[in-house]
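These notes concern the structure reproduced below.
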């Protein structure tokens, strides 16, 4: 039995970055003075410009959350009703639900055992004459096989969208991941490295996408006299835009601290039998969104759930993430998982993956305490 | 020609109520200290309780905006895909779009010439064997004919939902309008009397609605192990919840000032030929959301658009509201308007209705200036 030291406080997987409160006050004073509260206010517009620069895309469009951004990203493609969108079951519920809300059908494809992102070979097996798009998901900090996916999309004439909720600031061969495919959708939820309490963004590499997406974000309103599409309300208010402006300069510092944390976790856990730490991907600058392990119960001798429970008892709240996976949800329970393997790998890994506390509030001593869980 | 006095500043139809900024600071300090930013934080839960009390309903569930609330209110009814929902074309775009996003078909029915709310006789004419629900809209401050609509809903076995974006705090015979039908949906957008910058709420008279609506608001997540429905992200963060807590005590004062303003407008305009001021509805406590006129160009001698343009030149921004109406939108342009009349009245009134500046920032002198527009 491990002898855990007393933990001074509960530790969670994430802890939101917040600016110094006094730095927020001049923004508030200005909002109170102008009384511009939402609908594309000055802070909103400035944040949108700054994020476009940060993500190195000509079109960066803010949303009130990542789910609304996903809904609109799919909507702008005008996919045929009831057509099929291939995605991964190893993702947050919003990915599959955004497909369904668009009167489209999610089709699930297996994940690659190394990166846990969607397996291009499985995607190709899932294609039918009803397939209209691929919705791939960068997970934890791993980037999809964007080259193979683009090849498949081009070969079969499919649209390709990325759920990039975990990939803010990631690059592949010095190129921002935000520019891949038809669009990339980010989440700025409080659990994300860069956040606006709740929030999201659609990034695309085409400037001409801006207008249709702006219209869809604001009820399809083109101007005072015209409503041109079935839009939604995806508007971000000025309070949250101000938070975004204040948080953006802080994230490189946070990312550097998380990189150190990742190195320390890897050092301590890399030689534990049955525990797999994430491997760096060639050419990828990691977003440092999550630190995940894959725990093989046969080699390690304990299950992921056992580790989770034991950590929890010590005030360390790791996260079974993603658990459940989409094909475990009631609405998708009867949906097949297409795979290039005999048994979909995602059905194995879903009970093995665990995210550990990963933010600048985790001290070196905390890492030692957490990792002690994995020593016999 | 009128001789307008110099207006000291632009006047808009609405101006958001804001608490004193120093009153916001203790809330911020607490949010910064606890780092609970969203996902049902303490301010969110307190505001939900207070609004349930204010609206006198057992179930009051906060949303990030009125559109998401409408989406979820329809979703919770589990209406058959492609079934028809009867609504009014004289409403904001979100009403019709929320039907479409739910894979349902909006069917438009004419409005009553007195109240400009949906005409029950037109609703009955629009019913087919595909009709599954009525989505009625309280407009400006006028309340729908809730008794006739409930009779029709009961007679034909239809669900009945109210878009109550304009009706916050309104009562009919001392009963809160929030309790009518299967659900009432409010908007807390900055333009509304009570607002949270952006926001919304679903009110129902059944406590058992809470769980399914909470699940739908948070991706269908029932607990750590179960996702039971195709949900969405409708969560409200703690910044906006705190604003709501601070604004709620202020609205009765604002409403009283608007009541005075309404009386003054009516006094000055009631005898202008061709200009119709809103008439009080028996037993209704007005929400005081908007003050609207109906301008008959034949009797008045000028069109609504002419009045609008002329006011605008003097820095008075009235609003052609609702203009365009839903059947003018590109996605619904070919949709019929069902009416109990030969020509739908809504096609006449849509070019006659005008909302005037209506908030506590409008001084008595402003009212005189605005009303001078209507004297020959």
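Taken together, the values in this text are just the output of simple stated rules run on the coordinates, not laboratory data. These numbers were taken from a predicted model, which means no experiment stands behind them. Note that we place each Cβ from the backbone using ideal geometry, even for glycine, and neighbour counts take in every protein chain shown.
List of remarks:
- In this structure, residue A:208 and residue B:328 have a Cβ-Cβ separation that, at R0 = 25 Å, corresponds to a calculated FRET efficiency of about 0.45.
- Rg/Rh for the stretch B:1-134 (Cα atoms only, Rh after Kirkwood) is 1.11.
- For residue A:280, label point 7 Å along C-beta direction: distances to other copies, nm: 7.7
- Two-decimal log10 I(q)/I(0) for chain B, as the Debye equation yields it once each C-alpha is a single scatterer, q = 0.06, 0.10, 0.15 Å⁻¹: -0.23, -0.65, -1.35
- Nitroxide proxy distance, nm - points 7 Å out along Cα→Cβ at residue B:312 and residue B:336: 3.5 nm
- Position residue A:343, label points 7 Å along Cα→Cβ, spacing to each other copy in nm (shortest first, one decimal): 7.3
- Sorted shortest first, the distances from the residue A:130 label point to those of the same residue in the other copies are 2.0 nm; each point sits 7 Å from Cα along Cα-to-Cβ.
- Per-residue Cβ neighbour rank within 10 angstrom, fewest leading, B:228, B:72: B:228, B:72
- Label-zone membership for the stretch B:155-180, site residue B:56, 7 angstrom Cα→C-beta point, backbone N under 16 Å: B:167-180
- The equivalent ellipsoid that matches the C-alpha gyration tensor of the stretch B:88-227 spans semi-axes of 25, 19, 15 angstrom, in descending order.
- Cα Rg over Rh - the stretch B:75-155, Kirkwood: 0.94
- With a 10 Å cut-off around each Cβ of B:33-41, the average count of Cβ atoms from other chains is 4.
- log₁₀ of I(q)/I(0) at q = 0.19, 0.21 Å⁻¹ - the stretch B:250-372, Debye sum with one point per alpha carbon: -1.14, -1.29
- Residue exposure sequence - A:68, B:131, B:100 - by fewest surrounding Cβ within 10 Å: B:100, B:131, A:68
- Cβ-derived FRET efficiency at R0 30 Å, residue A:364 paired with residue A:296, nearest 0.05: 0.65
- Residue order, fewest to most beta carbons within 10 Å, for A:187, B:360: B:360, A:187
- DSSP finds beta bridges in the protein assembly as shown, and of those with both partners inside it, around 55 percent are antiparallel.
- Springs between Cα atoms under 10 Å define the GNM used for chain A, and in it the highest mean-square fluctuation of A:151, A:112, A:163 occurs at A:151.
- A simple spin-label model places the labels of residue A:45 and residue B:147 5.1 nm from each other, with each point 7 Å out along Cα-to-Cβ.
- Secondary-structure-derived ellipticity at 222 nm for the protein assembly as shown, considering helices only, amounts to -10000 deg cm²/dmol, per-run term -39500 (n - 2.57) for DSSP H runs with n ≥ 4.
- Computed from the C-beta positions of residue A:303 and residue A:264 and an R0 of 30 Å, the FRET efficiency is 0.75 to the nearest 0.05.
- Shielding by partners - mean other protein chain Cβ count within 10 Å, residues of A:25-31: 2
- Inter-label distance for residue A:250 and residue B:372, nm, one decimal - labels placed 7 Å from Cα along Cα-to-Cβ: 5.1 nm
- Separation of the stretch B:192-221 and the stretch A:202-280, taken as the distance between their Cα centroids, equals 25 angstrom.
- Between the stretch B:110-139 and the stretch B:3-80, the alpha-carbon center distance in angstrom: 29 Å
- Rg to Rh, two decimals, where the protein assembly as shown supplies the alpha carbon set and Rh follows Kirkwood: 0.99
- Gaussian network model of chain A, Cα within-10 Å springs - most flexible of A:102, A:237, A:78: A:78
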